[in-house]
Amino acid sequence: MEKVLEVKDLVVRYETDDGIVHAINGLSFSIDKERTLGLVGETGAGKTTAALSILNLVPDPPGVIAGGSIILDGKDVLSMGEKELERMRGNDVAMIFQDPMTALNPVIPVGQQIAESLEIHEGLSREEAMEKAKQMLEQVGISASRAYDYPHQLSGGMKQRVVIAIALACQPSLLIADEPTTALDVTIQAQVLSLMKGLIDNSHMSMLLITHDLGVVAEVCDDVAVMYAGRIVEIGSADDIFNHTLHPYTEGLFDSLPNLKARGEDLIPIKGLMPDPMHLPQGCSFHPRCPYATEACKTREPELKKAEGSHYVACIRYNESSFCLRRDKDAR
Amino acid sequence: MSKTRKTIILEGEEIEIYKGRSMAQETWRRLKRNKGAMIGIIFLVALMLATTVASFVYDYDKDIIAMSKDRFMPPSKDHILGTDNMGRDIFARVLYGAKYSLVISLGSTAIGLAVGLFLGALAGYYGGLIDNIVMRVTDIFYSIPYIMIAVVVVSMLGTSTMNLLLAMALGTFSNFARIGRASVMTVRDQEFIEAGRAIGLPTWKTIVKHVLPNCLSPIIVQTTLKVGSNIISASSLSFLGVGVTPPTPEWGAMLSDGRSYIRSSGWMCLFPGLAIMFTVLALNLLGDGLRDAMDPKLKR
Amino acid sequence: MPDSNTLLEVRDLTKFFDTPKGKLHAVDGVSFKLERGKTLGIVGESGCGKSTTGRTILKLIEPTSGQIIFNGEDITNYSVRHMRRFRTQMQMIFQDPFSSLDPRQSIMQLISEPIREHKICTTSAEIAKRTLSLMDTVGLARRFLNSYPHELDGGRRQRIGIARALAVNPQLIVCDEPVSALDVSIQAQILNLLRQLQRDIGLTYVFITHDLSVVRYFSDDVAVMYLGQMVEKASSDNLFANPVHPYTKALLSAIPLPIVGKDKPVRKLITGEVTSPVNLPDRCRFFSRCDMCLEKCSSACNPTLAEIEPKHFVACHLIDKEKKDVQ
């Protein structure tokens, strides 16, 4: 299948006064055309840095993209000039941020904000752009008559819809959504998610959805990548990840979720904390928290290896024939 | 994160703990890395030492204000910064005069800070009518140029160092009232103030223990910068003749003295001018450094 | 009916705020009873008044009307000074572990503050001892004694907040979204800690959250709030198995479940957004978003809570209809 985005061996560091923060350490994944990839991980896993790298927007200093390649629609993002990058952002890739309150300019009517990006990227006249902007608003479920409203006149859910309209206005081939519904209430989150899913399917776009919420991933994504300490530990189709979990960290995430548990039963949290990205542990960076860790895990860095079909896992114990996660044992 | 460990003995039990770094320690650590701020601190400390030494070494009547026949001497071995129109040694006067500039600016800033902060904190914490009254009074003072206030005060009370200090404090306090109010209002709405109430802390304890310490950063920065600008104000007022009276070796007054001879004996203006410039520069460097060091956004 | 087993009773609690646009109904006639050692979960979306309810119970906000009866004592009209003694019995855990701790105090100072304030211990050796034992209780390593909040991560900070609340040996703790700012793996650690504390010292919780899955896991009883009112209240198992109010149904259906494949239930979405809680008309507050409206919903007054089965309360005109249908 045709790949929209291919990230290979990406390494990003933040060089601060206090030391070097290893945000991304050899990240590789790709997104096929018309697919949605969910990038899951906890705070500090490097999810947002990964998204910013794709747009070549990592703040520099202190951020340094130290290696790897990012191929978007056949072109290498990391070797593009400033002009090319500007054309790419918005035209080929658009990004939705977590907080709809700060993503909109408070002194410009929302319709005009959508129209502006159409004028710049599509070269439409002012009237045409405004007309199209109103259509876009209708598409995201806001009446066109509100095109002249200012952001503060809209609720949080509606603002996020406007942000989505802006992102989709120029029909990018890839949409990056960084925790797009985290700031919203559940009922609104459900509305926005189903809206996004519908729009993406209709316009044949691909999406990279960054989130910490496995529920949201299950709702929207075709493929899932689980990130830990700047690396992918497991990647595969949603079915692979949710129903045939292979990595101990992924299992830990599922076990920490309260909604699958019966009342009264204790949760099984992952012990310990996310490692300090300035001092990552040797070997597998998950080994200090992993209930299955062996001596070998402390020294050998696991590579992402094919398990089955499109399902890849980075765990050195996966190859042991007797190795089996707690979940699978319970199932048997 | 600081990971230096130390061992303490508590309850007869030895525990190894991390040496935590308080916000003040953290600020100092970051300030130390800021070259500009360190140059500023070193300059200011050196200046204070020098002027203290100068007031012991020189005799006010004999070395500072007494006339001599060596008038308009350019910088030389005997008088490294030259002499002025009355034959007084400029080096001695600049060093000795640092005392006046520093005392006036520090004193006026301190009075302005105390009054302004008290009023601002009151207005910010209680809001409502108190806020309205305090801020309108502040606005009035804010809208009058400090030179006007100084001229009025000095012409009412007469020229003296003390009156100049008072006049400048009047021009300064409104600034601090505003900053005090703004930062108290920000802190007041934070959750840890409510958390303090939830554990049953009385209001006064909340203000003293939690509100004020958290307002300090912007106020410290502003104080540093204000001391600098008050040095300029004091010098300007002296230059205009409403400040310190001759023959006191205040830097602004010295500039004023040298004004008529600027073409023939430029050093008379040059050195007091440089002294003002470097001192204010040092204070501004320190203030900017403090602002950067205290900015929580710069934390990694 | 005095009931020694009831720790907290709230009757018709109301809090209105005056705004330039009119009266804001933050809490509007909330009533419940909470037994010792139990947990009441209060769920709802932002702006439904759940946090205001929690703060009003602790009298951090003065109620407009209603009664708060704690341990058989009516504390509604107690002065701030009088309440200060009561703070040893009722405590709060805050949502944001980043802003609810004074950044200028060390962990030692933070945890010992309530101990000193209420003179639980007097000598400094005793205070230190109690601080350390509290740190052990909440699972905070002793080596952080001298650290500052900014040096710690969210989970550890939340443990400090819990230790502060526990310091005075309270009976009731109001937890206002205690885990929503934390990562899932840390969230599970904190939830387990809170539950273990309940088992060990018999704490009673009012657990406020927007996260239904957490509330299901954590609470004995659950109350669903919408625009300042309780629309449904039942035991946790009952509410999740058999929701009656259309809003509860919509909320439950909106939770994104981490399930992929054939077991995944079909979602039912509700349209619209929460209306403004200012100057509300006297009719069902969920009217504009409800897809099961009856004719009378547009004209009839605001429905009140009615017991449809033992300990299951619902405020909805639909239940009258159901009753009639049964007849």
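Values for this structure:
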{"quantity": "Of all DSSP beta bridges in the range C:114-244, antiparallel share, percent nearest 5", "calculated": "55 percent"}
{"quantity": "Debye log10 I(q)/I(0) at q = 0.23 Å⁻¹ for the range B:160-231, Cα point scatterers", "calculated": "-0.97"}
{"quantity": "Relative contact order (%) - criterion: Cα under 8 Å, at least six apart; region: the range A:103-171", "calculated": "43 percent"}
{"quantity": "Convex hull per residue volume in Å³, alpha carbons only, for the range C:1-40", "calculated": "69 Å³"}
{"quantity": "Alpha carbon centroid spacing (whole Å) that separates the range A:59-82 from the range B:115-172", "calculated": "55 Å"}
{"quantity": "For the range C:100-169, fraction of C-alpha pairs farther apart than 15 Å, in %", "calculated": "43 percent"}
{"quantity": "Coarse-grained scattering of the range A:131-229 at q = 0.14, 0.15, 0.17, 0.23 Å⁻¹, given as base-10 log I(q)/I(0) from a Debye sum over alpha-carbon atoms", "calculated": "-0.53, -0.61, -0.77, -1.32"}
{"quantity": "Rounded to 10°, Cα long-axis angle of helix C:107-117 versus longest principal axis of chain C", "calculated": "80 degrees"}
{"quantity": "log₁₀ of I(q)/I(0) at q = 0.19, 0.21, 0.22 Å⁻¹ - the range B:207-300, Debye sum with one point per alpha carbon", "calculated": "-0.86, -0.96, -1.02"}
{"quantity": "Gaussian network model of chain C, Cα within-10 Å springs - most flexible of C:L172, C:L269, C:L305", "calculated": "C:L269"}
{"quantity": "Rotationally averaged projected area of the range A:103-171 (alpha carbon convex hull; nm²)", "calculated": "3.9 nm²"}
{"quantity": "Over the protein assembly as shown: helical MRE at 222 nm, DSSP H runs n ≥ 4 each giving -39500 (n - 2.57), nearest 500", "calculated": "-13500 deg cm²/dmol"}
{"quantity": "Qualifying lysines (Cα of each under 22 Å from Cα of C:K15; at least 8 residues distant if same chain)", "calculated": "C:K23, C:K33, C:K50, C:K59, C:K233"}
{"quantity": "The range C:100-169, relative contact order in percent, only Cα pairs under 8 angstrom and at least six apart counted", "calculated": "48 percent"}
{"quantity": "Bins of 10 Å, starting at 0 and running to the largest distance - Cα pair percent for chain C", "calculated": "5, 24, 32, 24, 11, 3, 1, 0"}
{"quantity": "Within the protein assembly as shown, percent of DSSP bridges classed antiparallel, to nearest 5", "calculated": "65 percent"}
{"quantity": "Range of Cα positions in the range C:11-79 per principal axis (Å), largest first", "calculated": "41, 29, 17"}
{"quantity": "Relative contact order of chain B, pairs being alpha-carbon contacts under 8 Å that are 6 or more residues apart, as %", "calculated": "23 percent"}
{"quantity": "Proximal lysines to A:K75, defined as alpha-carbon separation beneath 23 angstrom and excluding residues fewer than eight positions away on the same chain", "calculated": "A:K3, A:K8, A:K33, A:K47, A:K83"}
{"quantity": "Reachable aspartates and glutamates from B:K226, criterion Cα separation under 13 angstrom, eight or more residues apart if same chain", "calculated": "B:D288"}
{"quantity": "Candidates per trypsin sites (Lys or Arg not before Pro) in the range C:26-128, loop by DSSP, up to 14 other Cβ within 10 Å", "calculated": "C:K119"}
{"quantity": "Percentage, to the nearest whole number, of Cα pairs in the range A:263-328 over 14 Å apart", "calculated": "66 percent"}
{"quantity": "Cleavage-rule hits, GluC sites (Glu not before Pro), the range A:265-331, DSSP coil, Cβ neighbours within 10 Å at most 14", "calculated": "A:E265, A:E303, A:E320"}
{"quantity": "Taking all pairs of distinct alpha-carbon atoms in the range B:246-290, Kirkwood radius in angstrom", "calculated": "11.4 Å"}
{"quantity": "Compactness relative to 2.2 N^0.38 Å, alpha carbon Rg of the range C:40-116", "calculated": "1.28"}
{"quantity": "Convex hull volume per residue for the range B:128-205, taking Cα atoms only, in Å³", "calculated": "118 Å³"}
{"quantity": "Selected from C:V179, C:V266, C:V278 as most flexible by GNM, with chain C as the system and alpha-carbon contacts under 10 Å", "calculated": "C:V266"}
{"quantity": "GNM top mover of B:N34, B:N132, B:N175 - chain B, alpha-carbon springs below 10 Å", "calculated": "B:N132"}
{"quantity": "Zero-based 5 Å bins, Cα pair distances in the range B:23-298, whole percents", "calculated": "1, 6, 11, 14, 15, 14, 12, 10, 7, 5, 3, 2, 1, 0, 0, 0"}
{"quantity": "Measure of compaction for the range C:172-327 (Cα Rg per 2.2 N^0.38 Å)", "calculated": "1.16"}
{"quantity": "Percentage of interatomic Cα-Cα distances in chain A larger than 26 Å", "calculated": "51 percent"}
{"quantity": "Cα coordinate range in the protein assembly as shown, projected on the principal axes (Å, largest first)", "calculated": "117, 74, 73"}
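Read-outs throughout are calculated quantities, based only on the coordinates presented, and are distinct from any laboratory measurement. Remember, it's a predicted structure, so these values are computed and weren't measured experimentally. Using ideal geometry, Cβ is built from the backbone for each residue, glycine included, and neighbour counts are taken over all protein chains shown.
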